[in-house]
Amino acid sequence: MNSNIFLKNRSYRTFTNKTLSKNELLKMIENARVSASSRNNQSVRFALVDSKDLCDKIFPLTRWAGSIPWNPTKEEAPHAYIALCLPNDIPINKCLLYFDMGVASQSILLTAVEMGYGGCILGNFDKNSVHDLLNIPQNYDCEILIALGEPNEMSTVVDAVNGEIKYYRDEENKHHYVPKLPLNELIL
């Protein structure tokens, strides 16, 4: 596998005005659909957002970049979202469901990168309002949003120095650097 796709798969937080089609979003979900699922339970459900109207309503309900006090502007907003939803009415181990959401999210983002897009997994948003806006059934909870679009920024992996892994924006407010621990610090 080409490791470049992993280097390109960053958390992009600003986007151009290029839109994504419903078919492109469906391709991302198709790849998530055939990915691994714990116990093959396949409990994650997806709500696709490709309309400008819905994107404009969801954007103010999101919060970005938890490690730094920053949010993108409306002009930098994503042009699509995929909401990942979990059932709330059946007794399933939540850890397994979160595992499944992680696998699905990675599959969606790697597909997006392959298509020339990028995204950001958002856990900090007004979940109740998004749930209602997307008409998600009451027996599902909207757990995460994946914001999608054509990236309007670069994001580069750099080695962490002295264990400092907090990401940051540069003096021009561009999110260039994502510190990662060196491989030798990860192996036990």
(request) Inspect the range 110-123 for any residue being at pLDDT below 90, of a type in the set (Asp, Glu) and open to solvent by 40 Å² or more (accessible area, probe 1.4 Å) and give the result as yes or no. (result) no
(message) Quick check on my filter: what residues within the range 8-48 are open to solvent by less than 90 Å² (accessible area, probe 1.4 Å), farther than 15 Å from residue 150 by Cα and not hydroxyl-bearing (Ser, Thr, Tyr)?
(response) 26, 29, 30, 31, 32, 36, 41, 44, 46, 47, 48
(request) Among the helices (runs of 4 or more DSSP H) lying completely within the range 1-108, list those that include at least 1 residues that are modelled with pLDDT of 90 or more and closer than 18 Å to residue 123 by Cα. (result) 52-58
(message) Show me the strands (runs of 3 or more DSSP E) found entirely inside the range 131-188 where at least 2 residues are more than 23 Å from the chain's Cα centre (by Cα), surrounded by 11 or more Cβ atoms within 10 Å (Cβ to Cβ) and of a type in the set (D, E, K, R).
(response) none
(request) Show the residue pairs that are 6+ apart or on different chains and have beta-carbon atoms under 9 Å apart, the first residue being within the range 34-59 and under 17 Å from residue 140 (Cα atoms), the second being among the β-branched types (Val, Ile, Thr) and open to solvent by 20 Å² or more (accessible area, probe 1.4 Å). (result) 41/92; 43/90; 43/92; 44/103; 46/29; 48/29
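The values are calculated or read from the model by the stated rules, or taken from the named source; none is laboratory data. It should be emphasised that the depicted structure is a prediction, and the values quoted were computed from it without experimental measurement. For neighbour counting, all protein chains shown are included, and Cβ atoms are generated from backbone atoms with ideal geometry for every residue, glycine included. Remember, those area values only see protein heavy atoms, side chains included, never the ligands or the DNA or RNA. Shrake-Rupley method; radii C 1.70, N 1.55, O 1.52, S 1.80 Å.
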